Structure formats: C-alpha cells, structure tokens
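Chemist: Take this structure first; my questions come after.
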Amino acid sequence: VVVMPSDAPAIKRDRVAADGAEIVIVGTASDERQQAAESIARDRGLSLIPPFDDDRVIAGQGTIGLEILDDLPEVTAVLVPIGGGGLASGVATAIKAIAPGVRVVGVEPELGADARDSLARGEIVRWSAEQVARTIADGTRTQALGRRTFAHLRAHLDGIVTVTEAEIAAGVRLAAERSRLVVEPSGALVVAALAYHPEAARPHGDDGPIVGIVSGGNVDPADFRRYLETPLPG
C-alpha cells in the first residue's frame, strides 16, 4: 500500500500501480499522508515505511555517499537535493564520517526552502502545504524536516543553496541536451545549482571533481516537453 498526495504526477501514480501496489490518495499536506499511512498500517497489521525521517531509511540512502567515495576518492564536493532530508542526511553523514574535508551542499527550490530556514534559525521551520505546492519539484514538497533529518543536516551539511523555478526547468533541459538524461525537476535541482550557482560547490574557487546527485527521472511527458522548450535563464 502506497499513500500518495493528490498532486503527485500521473507518471508516478501509474508506475506505482504498474508494480502492483495499492494506491491511497490523500490531500497535499504532509500530516494527511502520515496519518493515513499510520492508520492503514495499524488497521491492516502492516509495517510502516517512513519516507525520510527513519534511521534505516537514512542509513540506506547514505550508501550513495559510500559509493561516491569508492568510485571517486578525489571528490571535493557533493551536491544533493533536499526534500524531507533523508537522502541529504544519509549522504552527508556517510561522507563526513570518512572524508570530512569533502564539502556537502544541499539544494532546495526557493519555493520550498524549509530546510534552509530551519538551519538558519536553529529549529525546525514548517512551511504550509500551499507554499510548497508552488514548486515544480514535486519530490521536495515536504513541509518540514523530521527530527532526525534536521539533526543530521545541522551536524554535517556545509550549506544550502536555493534555485528558482526557471533554473529548475533549465536543469531538466540541460540534463537532456548535454547528458541525454531524462530528469525530473526534483532531480534537476543539482544541475540547476551547478549551472547557475557554481560558487555553492566551490566557495573559494577550489579545483577538483564535484558530484551532483540526480535523484529521479519520473516526469510526465507533457511537462518534460514544456521544460525542454523553456528558455534558459541568462
């Protein structure tokens, strides 16, 4: 059983259904999804798998950081998208444990920058469902970090850079044109950051390889076509 928000892209709903899962659609608020999932798990005797604020989920995603260091030991910086913070928490924690000198930077949409606000204020800041629904990066439409992810990011992340909607769309286009990759907006966050905010990875102009984690390619064809036709900023 997979609980999904009503504004989830059709391609994501279709692929989940094609894999044989039962889909339960709820409203766009994070609390609605959490409450529905907990209720279903309790009533049916199922195990609840949280989307991000879980030690096992964070540890599993952290293996990406281990793979990066194994494949590219000379890496100097890693950029990772942030939604609920599970991926960024795992990657940052793993990399800093082995190579503390590697810079790890999170990337968020300007229209969904609750993690940036949380780290700036030193406490979890919650955005409304209406606020985060404005971004095309649907995978980052979480309203707040979790207790665990906030602690990990506060301890291990070197910074957060935000990107505009135009830059995100451009990231989708650049990934397609230059790397022949089909990337959804949430995955294109790091492409946008590298293209339009390179100083985030190299604040002092340092040389060395940079890794950007492109985290998904589930984009509706009509939306993908529109992003490809979007003029590049600047």
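Since every read-out is calculated from the coordinates, none of them should be taken as a lab result. Computed from a prediction, not measured in an experiment: that's the story for all the values here. Virtual Cβ from ideal backbone geometry, glycine too; neighbours counted across all protein chains shown.
Chemist: Which of 24, 57, 102 moves most in a GNM of the chain, Cα contacts under 10 Å?
Modeler: Result: 24 has the largest fluctuation of those listed.
Chemist: Of 35, 90, 118, which is farthest along the charge dipole of the chain in the positive direction, counting Lys and Arg as +1 and Asp and Glu as -1 at C-beta?
Modeler: 35
Chemist: Convex hull over the alpha-carbon atoms of segment 2-44: what's its volume per residue in Å³? Can you show the working numbers first?
Modeler: On the way: hull volume 2.3 nm³, N = 43.
In segment 2-44, the Cα convex hull volume per residue is 54 Å³.
Chemist: Additional query: Can you tell me, using C-alpha contacts under 8 Å and at least 6 residues apart, the relative contact order of the chain as a whole percent? Can you show the working numbers first?
Modeler: Working: 443 pairs, mean separation 47.4, N = 234.
Relative CO of the chain lands at 20 percent.
Chemist: Next up: Using only the alpha carbons of segment 55-228, determine the length spanned along each of the three principal axes and report them from longest to shortest in whole angstroms.
Modeler: Each principal axis gives a Cα extent; for segment 55-228 these are 42, 35, 31 Å.
Chemist: For segment 186-234, what class follows from the C-alpha gyration tensor (a ≥ b ≥ c being the square roots of its eigenvalues): rounded when a/c is under 1.5, otherwise prolate if a/b is larger than b/c, else oblate?
Modeler: Cα axes put segment 186-234 in the oblate bin.
Chemist: Cα-based Rg (one decimal) and Dmax (whole number) for segment 37-143, in Å?
Modeler: According to the Cα coordinates of segment 37-143, Rg and Dmax are 15.7, 50 Å.
Chemist: Among 19, 31, 71, whose mean-square fluctuation peaks in a Gaussian network model of the chain (Cα, cutoff 10 Å)?
Modeler: Highest fluctuation of the listed residues: 19.
Chemist: Could you work out the helix-only [θ] at 222 nm for the chain, with each DSSP H run of four or more residues adding -39,500 (n - 2.57) and the total divided by the number of residues, to the nearest 500 deg cm²/dmol? Write down the numbers at each step before the final one.
Modeler: Numbers: 10 runs with 107 residues, N = 234.
Taking each H run of at least 4 residues, the total per residue is -13500 deg cm²/dmol.
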